[in-house]
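Visitor: Provided herewith is a single structure, encoded as structure tokens, for subsequent inquiry.
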Amino acid sequence: MRRIDHLVVAVRDLDGAADLYRRLGFQVGARNRHPWGTENRIVQFRSSFIELITTGDDPALIPPHGDGVFSFGAFVRDSLVRREGFPLLVLDSDDARGDAAAFAAAGIGAFEPFFFERKGIRPDGTPTHVAFTLAFAADPLAPEAGYFVCQQHFPENFWNPAFQIHANGGEDISAVTLTAARPQAHAAFLATFGQSTADIAADGTVSIPLRGGRIVASATGADDTPLLTGFTVRVPALEATAALLRDAGVPFTETAAGLVISPDTAFGTTIVFEPA
């Protein structure tokens, strides 16, 4: 059973989105630029993170999709042409190359793994090195929702407790939502991708349990195109988070699920705060 590694949240105004996320009570990292034409800012939790992402100024840097090649930059670019929101779900991996082979054998992805690394200098002057291998999967019934797993080769250099302190008390991403007219049609793919099982409720809602979280596929609000539409963050005290949102002037709705920020407010993504 996998866990949620991170979410790729595509926005057209990266700094504007970062400002909103700060008002939501998150600590937001500095802007990073990728050689494949995207730029991001990170919100890090204990074992997961949100990647706010946009395309850069030079579209020529974005490589095209190819035979057996998934272009991360092209997927983000094409998603932003259609809408802002949450186009890519990323789960963890201990062996991305092995997972790529397993995805191909299961018929849910025939893509080459993608490796990248970055070396830099910490604020204290010491060198640091992070490296990742990605393995991509695809649900043919949901072409606008992207999926991959991420293997971190030097996780001790990525995860930083100082970056995981948030004014809203956010602990981790606990759930993601796929909105689809026929949730059960995606159950087998999601279970295989998550190395898990699919629990199907009487109303057809599908829940895929993960380590420390879950994927939910629901027909609520669905149109003809299945989309990743939102995520949930665990917080220790809903009342304190609600007070923070009120003070920041961020509109929200109190529901049985928790505090809900609408996609109209949150750059195309529904954000829910639930009690830990």
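Visitor: Among Val233, Val176, which comes first, then next, by fewest other beta-carbon atoms within 10 Å?
Guide: Val176, Val233
Visitor: So how far apart, in nm, are the two label points at Asp223 and Ala243 if each is 7 Å from Cα heading toward Cβ?
Guide: So the two model labels end up 4.0 nm from each other.
Visitor: Taking the Cα centre of the chain as the origin and placing charges on Cβ (Lys, Arg +1; Asp, Glu -1), which of Gly68, Thr197, Pro275 is farthest toward the positive end of the dipole?
Guide: Pro275
Visitor: FRET efficiency for Arg22 and Ala101, Cβ-Cβ distance as r, R0 = 30 Å, nearest 0.05?
Guide: E(calc), rounded to 0.05, equals 0.15.
Visitor: A further question on this structure: Whole number please: convex hull volume per residue of the Cα set in region 4-164, in Å³?
Guide: Enclosed volume per residue, from the Cα hull, is 121 Å³.
Visitor: Under the Kirkwood approximation applied to all pairs of distinct alpha-carbon atoms, what is the hydrodynamic radius of the chain in Å?
Guide: This gives a value of 19.1 Å.
Visitor: Based on the Cβ-Cβ distance of Ile165 and Ala185, what FRET efficiency does E = 1/(1 + (r/R0)^6) give at R0 = 51 Å, to the nearest 0.05?
Guide: 0.80
Visitor: Please arrange Ile208, Ile165 by counting, for each residue, the other beta carbons lying within 10 Å of its beta carbon, fewest first.
Guide: Arranged by neighbour count, lowest to highest, Ile208, Ile165 become Ile165, Ile208.
Visitor: What are the ³J(HN,Hα) couplings of region 233-247, residue after residue, when phi is run through the Karplus curve with 6.51, -1.76, 1.60 and θ = phi - 60°? Round to Hz, x for glycine and proline.
Guide: Running phi through 6.51 cos²θ - 1.76 cosθ + 1.60 with θ = phi - 60° gives 10, 7, 10, x, 8, 4, 4, 5, 5, 4, 5, 4, 5, 4, 5 Hz.
Visitor: Checking the a/c ratio against 1.5 first, then a/b against b/c, what shape does the Cα gyration tensor give for region 208-254?
Guide: Taking the square roots of the gyration eigenvalues as a ≥ b ≥ c, region 208-254 is oblate.
Visitor: State the Kirkwood hydrodynamic radius of region 172-275 in Å, one decimal place, computed from all pairs of distinct Cα atoms.
Guide: 14.4
Visitor: Give the order of Ser93, Ser207 when sorted by the count of other beta carbons within 10 angstrom, beginning with the fewest.
Guide: Exposure proxy ranking, most exposed first: Ser207, Ser93.
Visitor: If the viscosity is 1.567 mPa s and the temperature 4 °C, what Stokes-Einstein diffusion coefficient in µm²/s follows for region 104-205 when Rh is the Kirkwood radius over Cα pairs?
Guide: 77
FYI, it's all coordinate maths here, none of it is from the lab. Predicted model only: the values in this text are computed from it and were never measured. Neighbour counts run over all protein chains shown; Cβ positions are idealised from the backbone, glycine included.
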